[in-house]
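Comments concern the structure below.
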Ligand SMILES: *Cc1c(COP(=O)(O)O)cnc(C)c1O
């Protein structure tokens, strides 16, 4: 069969099942309002939670780093690409995370895939929450360790699996804030069972970095679990508004990753403008708690506004607010109608979320104004009223 024909058939199948995806082109910077098809549209589905992606200070930091260090690192970290600028950011992250060491990865995806596969292998077992991010799932698969998926946030089930799974080494891995639901992992309880069964704990702070904790370092900081978590991973591409990721932990663990994580070793180092901007972003987040406070205030306000108007928003008032619609086709229809009403909320369908749980994933930003959120709420009410009627 010609490859082209096979591809067409598969695309048609996705279309029939309501699962075909398309790239929506944004004609302006990642601000709270964006240009979609020439129209000013309120952005309500980005991970740029604090609005830092377009912050003038970070843009200046990127430009300054480009002027000093160039636009590319010119090599992988272990060959010629390890710049003092990378090291400066790693030192900043180490200090922020209160660990012994930290290493940069080119993205959160690289970090999870490389770290899990470097730390466990055949004869070991990874215990992974059912709603963990795809990059964790891929890391588990690549590692060739036995993968035990436990029901979402079910610590009792996790303990049972730990008790009955024979393995040389055990690694528990979990999102801290779950990416599609906005809820938090029971991290304290997980650390307790980990200790009991002699397992290591790895936490993915992708959606909590810059968002939770007294200095924005994440859920580990919020719960003061520094001593109990072995590996803190997070990304620089979400609340920090830049790109790249980090893994922080004990020096020997981090140095093992530098040696053995293939997604670190076999790729060109992060470009200087990104590193310079990320350094400025971390410093800003550490010293400006009002950014987080505004994000949480907006989350609470919008969650209540939707609830009051009968929009089926589920869960806690987090910066990630799922509106569960279940059916993928319906989800995309509602998303399209919202877009027509001037609000962009992406529909999320399988395989990103489990079958039957398609949803709108609403995310607020610290930079949204009360007027923005009011406008969004009216759009939701209009679309949901028309849909029911
Ligand atoms: C987005 C995300 C990642 C991947 O991070 P990138 O830097 O975007 O590659 C990893 N884990 C979780 C939980 C995420 O939501």
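Key figures
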{"quantity": "Failed condition for residue 21, given (1) assigned to a loop (DSSP other than H, G, I, E, B); (2) touching a strand residue (DSSP E or B) at 6+ places or on another chain (Cβ under 6 Å)", "calculated": "(2)"}
{"quantity": "Selected residue (only one of 68, 42, 89 is more than 16 Å from the ligand (Cβ to nearest atom) and either under 28 Å from residue 134 (Cβ atoms) or assigned to a loop (DSSP other than H, G, I, E, B) (or both))", "calculated": "42"}
{"quantity": "Residue match in segment 274-297 (condition: under 24 Å from residue 86 (Cβ atoms), touching a strand residue (DSSP E or B) at 6+ places or on another chain (Cβ under 8 Å) and either buried (at least 23 other Cβ atoms within 10 Å of the Cβ) or not assigned by TED's automatic domain parsing to the domain that holds residue 103 (or both))", "calculated": "yes"}
{"quantity": "Helices (runs of 4 or more DSSP H) completely within segment 95-198 that count 2 or more residues being surrounded by fewer than 18 Cβ atoms within 10 Å (Cβ to Cβ) and more than 14 Å from the ligand (Cβ to nearest atom)", "calculated": "134-143, 155-164, 187-196"}
{"quantity": "Failed criterion for residue 56 (all others in (1) within 24 Å of residue 298 (Cβ to Cβ); (2) in contact (Cβ under 8 Å) with a residue 24 or more places away in the chain hold)", "calculated": "(2)"}
{"quantity": "Residue 64 surrounded by fewer than 23 Cβ atoms within 10 Å (Cβ to Cβ) and within 30 Å of residue 144 (Cα to Cα)", "calculated": "no"}
{"quantity": "Counted residues, segment 220-258 - those being surrounded by fewer than 24 Cβ atoms within 10 Å (Cβ to Cβ) and over 27 Å from residue 195 (Cα atoms)", "calculated": "2"}
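The values are calculated or read from the model by the stated rules, or taken from the named source; none is laboratory data. The structure displayed is predicted, hence computed values, not measured ones. Neighbour counts are summed over all protein chains in view; Cβ atoms, including those assigned to glycine, are modelled from backbone coordinates with ideal geometry.
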